[in-house]
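Shown next, in structure tokens, is the structure this report addresses.
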Amino acid sequence: MKEKSIIADLQQKIALYEDMNAYRALYELLNERLFWFVYSFVKSREAAEEIVSDVFIKLWTIRNELPSIANLQVYLYVIAKNFSKNYIIREYKYPHVCLDEIPLDATTSVNPEELYISAEMAGRINHAIRELPPQCRLIFQMAREHGLKHQEVADILGISRITVRNQLTIAARKIAQSVYPHLQPAAAKQQSRC
Amino acid sequence: MKEEKIWELIILKLSGEASPEQEADLEEAMKQSPDLVFPLGILEGIWKSKPGNQLPGTADRFNRHLQRLSNHLSEDVLQYDTAAPASAQPSSRKKLYRRVLLAGAMAACLALGLIMVLHTRHRQEKAPAAAAQHQVYTKKGARSTLHLPDGTEVWLNAGSKVSYENNFAGGAREVTLEGEAFFDVAKDPDRPFIIHTDMIDIRVLGTALNVRAYADEKATETALIRGAVEITLHRSPEKRIVLRPDEKLVVRNDSPALTKPLPIMTLTQVHYLEQDQEPAPMETLWMKNKLVFDDEPLQQVALKLERWYDVKVIIADKALEQVEYSGVFENEDISQVLYALQLTGNFHYTIRGKVITIGQ
């Protein structure tokens, strides 16, 4: 909630005063998230950086229209997704955005020291996160690291809010299972939905 | 409750989207399945822990981004100079300095082994206090330091003027600068220190910075050594630029109508000169009695020489004006400096009293 108001404040400063500091602050706040989001699609660090840069160029060129944008963060994600799609079409000559094989370094890992758990257990958790189906993992990261609401994730990815919730539920269950193997394995139908 | 439902509730709770009823349901479910307490705790920890995947070098990335932005915009507002500071960009630049320094040394030797005379110039003149205004200025060829009533120290370069209200009676500490000065501003959070120049205002909170605002030069430069400053441009007061340490803002002095493709301001890095001792910012070497040219066109070099040595420099050939020079000179007289510059650039000069003429 606090971050939302920070973003809204920066949005206003950019729109009204062309405030370069606000622009820089917004970049610093969001560029990493957008980078990893884009990287999941384009799978190239150079391309991801360029696309994120393009997103912020776009932001600057439409600064006069910013006051009419209700949720700037979601708006930027959607632009980032579209730019990623354009890049893939341009680069691979076929219009198909594929989330398969999200690069492993786009996946966050868990730090054992931060959670007061053993390295072995952290390893199992990280393995479980990496083993999540790509879209499931992306949604998990967007909701957890980027602090996006379920509806926001749904709007960005163009899926329903229920799907987001289901995917997160599956992720939660699989991760919990990795630290606590006595849990029943997830039902087959859930897995196929992921 | 079905186990699947519990995972959904925990996700809603972690995402901050659970209703009070759902939170209560979750509490209840946990009581009934104590087995789940541990994995749910872990999950909560994972959710709240910082992501381990962080991208280094946000500042560099932002610089690269601004470079692309300015390339993209037709109305170039701000340009970022991404060139690394001298220390990180070794060969060519260093070589150039070495060459010029060598040339300087040669010139010094050739000057018939003249004994190096330390030219300490302390011609400081105080104008009579006009009303409640203090004015301190230096003539050409002179440099000076002064202490302001609030404890701020000011080094004033040649041909410069600082004026301020008596005892900073108002709420803010305001000074007006014409020329070049280094400010080591005394901390006082309640009374911001504001430096006014022709082109910009600089708002300071306990900082060391060099400001160069000579009316006859092409640009106004602000180099921040430590602390933080906020700069407003008179030409477009809605823009505020905050500098971080080691950043330098260069604002063009000519009118915007003339700035066709050129940005009105450039943000760049403070250049450090690697000496035997610790590296020192080029922008402040004048305080240590060193005359510095940092890739500066002859036109600018001439202005600096005029102020440093209190002479008149005439560039007879316009083609020479834009040739750039770098070099650091200490305790050398004007003929030694000119001799050294002449070695690296193709020009001839004549000295007649206080008038120097440079031609091809």
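If you take each beta carbon of peptide A:11-19 and count the beta carbons of other chains within 10 angstrom, what is the mean? Spell out each step's value before the answer.
Working: counts 0, 0, 1, 0, 0, 1, 4, 5, 5.
Mean shielding count: 2.
Proximity of backbone amide H atoms, modeled 1.01 Å from N, is registered between residue B:229 and B:243 at under 5 Å, excluding neighbours fewer than 5 places apart on the same chain.
Residues whose amide H lies under 5 Å from that of residue B:141, counting only those 5 or more places away or on a different chain, are B:159, B:308, B:309, B:310; hydrogens are built 1.01 Å from N in the peptide plane. Residues whose amide H lies under 5 Å from that of residue B:150, counting only those 5 or more places away or on a different chain, are absent; hydrogens are built 1.01 Å from N in the peptide plane.
How would B:143, B:203 line up by accessible area, probe 1.4 Å, largest first? Mind dumping the intermediate values first?
Working: B:143 25, B:203 115 Å².
Ranked list, largest accessible area first: B:203, B:143.
Averaged over residues, the count of other Cβ atoms within 10 Å places the peptides B:282-289, B:8-15, B:234-241, A:136-143 in the sequence A:136-143, B:8-15, B:282-289, B:234-241, highest first. In the structure shown, the pairs A:4/A:58; A:13/B:248; B:187/B:239; B:248/B:318; A:13/A:58 are assessed against 18 Å; a Cα-Cα span above that value is assigned to A:4/A:58; A:13/B:248; B:187/B:239; B:248/B:318.
Here the Karplus relation 6.51 cos²θ - 1.76 cosθ + 1.60, evaluated at θ = phi - 60°, turns the backbone of the stretch A:64-79 into coupling constants of 5, 8, 4, x, 8, 8, 6, 10, 5, 4, 4, 4, 5, 4, 5, 4 Hz, with x for every Gly and Pro. Of B:155, A:60, the residue with the largest accessible area leads and the full order is B:155, A:60 (1.4 Å probe). Taken residue by residue and averaged, Cβ atoms of other chains lying within 10 Å of the Cβ of A:165-176 number 6. Shape class of the stretch B:3-48 from the Cα gyration tensor (axes a ≥ b ≥ c, square roots of the eigenvalues): oblate, since a/c reaches 1.5 or more and a/b does not exceed b/c.
The values are calculated or read from the model by the stated rules, or taken from the named source; none is laboratory data. Here the structure is a predicted model, which is why all the values come from computation and not from measurement. Cβ coordinates were reconstructed from backbone atoms using ideal geometry, including for glycine residues, and neighbour counts include every protein chain displayed. These area figures cover heavy atoms from the full protein model, side chains too; ligands, DNA and RNA do not enter into them. Shrake-Rupley method; radii C 1.70, N 1.55, O 1.52, S 1.80 Å.
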